[in-house]
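The values are calculated or read from the model by the stated rules, or taken from the named source; none is laboratory data. In this text, all values refer to a predicted model and were calculated from it rather than measured experimentally. Please note: Cβ atoms are built from the backbone with ideal geometry, for glycine as well, and neighbour counts cover all protein chains shown. Note: accessible area is taken over every heavy atom of the protein model, side chains too, but ligands, DNA and RNA are not part of it. Shrake-Rupley method; radii C 1.70, N 1.55, O 1.52, S 1.80 Å.
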Amino acid sequence: MIIKSAILAATQNGLNVFKHYIPFDFKLGKNFKNPFYDDKNASCNVYYDRHNRIFKIKDFGNPDFSGDCFAFVAQINGLDVRHNFFEVLQLINRDLCLHLEEKRTIHPIKKLPEPTTSVPAQNYQEKVSKAFYIAEKSFTFIELSYWKKYGITEKILLHFGVTSLASFQSTNNEGKTYELLSSESDPLFGYKGEDFIKLYRPKSKLRFLYGGEIPENYCFGLKQLPNRGDMLFITGGEKDVMSLYAKGYHAICFNSETAHISQSIIEMLSHRFKHIILLYDTDKTGLSASEQHSRNLSQYNVQRLILPLSGSKSEKDIADYFARGNSRDDLQQLILDLLKTKYTQTMVLMKSCEIDFEHPPQLTRHIVSVNDVPLGTQGNLLCITGGEGSGKSNYASAIVAGTVVNDDFRADTLGLDILPNRQRKGVLLYDTEQSENQLYKNTTLLLQRAGQKEKPDWLKVYYLTAMSRKERLQSIQDSMDYYYHFFSGIHLVVIDGVADLIRSANDEIESIAIVEELYRLAGIYKTCIICVLHFVPNSLKLRGHLGSELQRKAAAILSIEKDSQDTALSVVKTLKVREGSPLDVPLMQFAWDKERSMHTYRGEKSQNEKEKHKETELMRVAQAIFAHNKRLTYLELCAEIELMMDVKDRTAKSYIRYMREKKIILKDATSFNHYIIASRV
């Protein structure tokens, strides 16, 4: 049998092959015209490849002729060097009269000493750093059948750079040349690197050999990984990597299970993958190594998955797992069990938050509503905002009065429907701005509005101006908890001056924290918390970070403003309702009544005024949106309205339809797929 290395040795590393077939003398490195086609320019040369230590040809005019002497001979004879390699070898041997078959000598492999009992035989390796020569060939049917039982196809083998070898030649540690030949009973495969090759002999007792010098950071499968991914397995061997790849998983392996794993590589991979899982053999060596690596890499949250295999020679790794008939779904179940263990505490906590459709939650009660539109419900926040002197505090007091009334008394709650507190749960009013005298006076009016001569025990009113901001929040938290148990529940909470619970309403961190805490308390005590915010809204949006957070969390937002035509009237506008359109809620009015010495309800604005208000507000919205965009598509405009007004998709679409009807926006004449703002706006 002729081998590649023998031909290279007999032809000055391929130089004599080029001299034989090229029909004229040429100089190394100097360009000449390729005689095997109609070459117009001298763009072909023979050179010495110092990296591979062989002569090659480079043809810039036709790259098909470029390569080593074997590829060159195959090209000029119309052969495929990969599939007809042995035929190419025979051609060179015959044409150059090398007579290699007659004088070929096979050097036996040096018999290696038996491994000690502390090192498993299958992991015993002979590391060779000498020069080596390989002869590659096509995969045979029998070889592909071997890989197929692990789910590995020829395409996968080629993807990972795995080759089938006809022969391998190198020298052992004593300097003696030896040669390995492939056969059906003892196939020879190679995992090729830049300057080395790792030989895999699945049927031999000595399964792994090396040609060249394998790098310390050897990592098979690293080049084939995507930039980002969910899960990455670290396995014990190359076959395991490809077997997992065949099932749709990403995997790598190092030179052996006991090889050192560089923390720099794991740190890099931890940024690219959510989960990194050790999936080693289930024999004694694999279990011990994976446990050790798991401890060493614990800072990177590397997990360890143990396969349900016996650990015997034929039943120990993931390739064996799939070869025994287990599917991807079976492995996925093992992964789910691992994640379930990892996230046990989290999933227990999440279980209490999961919607149980067999036991639906109780319907939340509407504490505050208008025309059957819920504004304040159990477990939610209701925000009342407005400028100085607009009547916010009196409006909030009217809501509290609605909870105090008896069944036979009809209180003026300024146009709102309030759920009476028949179960006598706690009603808590916290004021952060008014003095003791002023709050006492307002509470007296509150009781008068409710038709009560005395304050019920379950109504608790506090002025918190004397406390620090930190003490105010702590006092509210503690007292709510106490009264929740004392009165067997809390019906309603009002915090008049919620901005005074934090240092600055424009502090993003504090604003998020206070709103989240109030929302949490409303959920814990199943009550509605009314937050009175002393801000003047900017159109349909609240200002500042505190306003933005309340805009996101509150179930409804009511804005109280002085009427533009009659300043004696206060107008209640709806900025947000969780269900429906805020601009479709009626504009309610109230004013001070001297005879009754309290604010009284003055009905709703007319339909014409309501429509005018809606048109005016949507003109402001359009101006704000198109101030930064000359034109927008329908979907882009819809998204902008949803974001700006905090409304749902269907409401945003109804606003677009309304703005088109009122000619607030128009279709762009140059592109009917875009909208622009009307010039009159």
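Taking region 481-593 and the strands (runs of 3 or more DSSP E) fully enclosed by it, the elements with 1 or more residues that are in contact (Cβ under 8 Å) with a residue 40 or more places away in the chain and more than 22 Å from residue 387 (Cβ to Cβ) are at 490-496, 528-533. A single member of 80, 68, 49 is farther than 30 Å from residue 183 by Cβ and either modelled with pLDDT of 90 or more or not β-branched (Val, Ile, Thr) (or both), and it is 49. Once region 393-448 is narrowed to residues that are assigned to a loop (DSSP other than H, G, I, E, B), more than 15 Å from residue 368 (Cβ to Cβ) and within 47 Å of the chain's Cα centre (by Cα), the residue that is modelled with the lowest pLDDT is 433.
Is at least one residue of region 184-204 among the hydroxyl-bearing types (Ser, Thr, Tyr), part of a strand (DSSP E or B) and modelled with pLDDT under 90? So far as region 184-204 goes, no, none of its residues is among the hydroxyl-bearing types (Ser, Thr, Tyr), part of a strand (DSSP E or B) and modelled with pLDDT under 90.
All told, residue 32 meets the bar of being hydrophobic (A, V, I, L, M, F, W, C) and open to solvent by less than 60 Å² (accessible area, probe 1.4 Å). Cβ-Cβ distances below 8 Å connect the following pairs, each with a first residue in region 413-442 that is free of Cβ contacts under 8 Å to residues at least 40 places away in the same chain, a second residue that is aliphatic (A, V, I, L, M), and a separation of six or more residues or different chains: 420/405; 439/461. Listed by first and then second residue, the pairs linking a residue in region 3-15 that is touching a residue at least 24 places away in the same chain (Cβ under 8 Å) and closer than 12 Å to residue 169 by Cα to a residue that is open to solvent by less than 10 Å² (accessible area, probe 1.4 Å) and hydrophobic (A, V, I, L, M, F, W, C), with Cβ atoms under 6 Å apart and 6 or more places separating them unless they lie on different chains, are 3/135; 4/135. Whenever a residue of region 259-274 is surrounded by 15 or more Cβ atoms within 10 Å (Cβ to Cβ), it has no partner that is basic (Lys, Arg) lying with C-beta atoms less than 7 angstrom away and at least six residues away or across chains.
Looking only at residues in region 628-655 that are surrounded by fewer than 16 Cβ atoms within 10 Å (Cβ to Cβ) and charged (D, E, K, R), the one that is modelled with the highest pLDDT is 636. Which of the residues spanning region 569-593 are at pLDDT below 90 and open to solvent by 60 Å² or more (accessible area, probe 1.4 Å)? Matches in region 569-593: 578, 579, 584. Answer yes or no as to whether residue 471 is free of Cβ contacts under 8 Å to residues at least 12 places away in the same chain, farther than 30 Å from residue 563 by Cβ, open to solvent by 20 Å² or more (accessible area, probe 1.4 Å) and part of a helix (DSSP H, G or I). Yes. Can you tell me which residue is nearest to residue 147 (Cα to Cα) among those in region 181-202 that are open to solvent by less than 10 Å² (accessible area, probe 1.4 Å) and aliphatic (A, V, I, L, M)? Only one residue tops the list, namely 188. Out of 239, 223, 205, 247, report the one residue that is closer than 28 Å to residue 303 by Cβ, open to solvent by 50 Å² or more (accessible area, probe 1.4 Å), charged (D, E, K, R) and touching a residue at least 24 places away in the same chain (Cβ under 8 Å). After applying the criteria, what remains is 247. Looking at this structure, is residue 213 of a type in the set (Asp, Glu), surrounded by 15 or more Cβ atoms within 10 Å (Cβ to Cβ) and touching a residue at least 40 places away in the same chain (Cβ under 8 Å)? So residue 213 fails the test.
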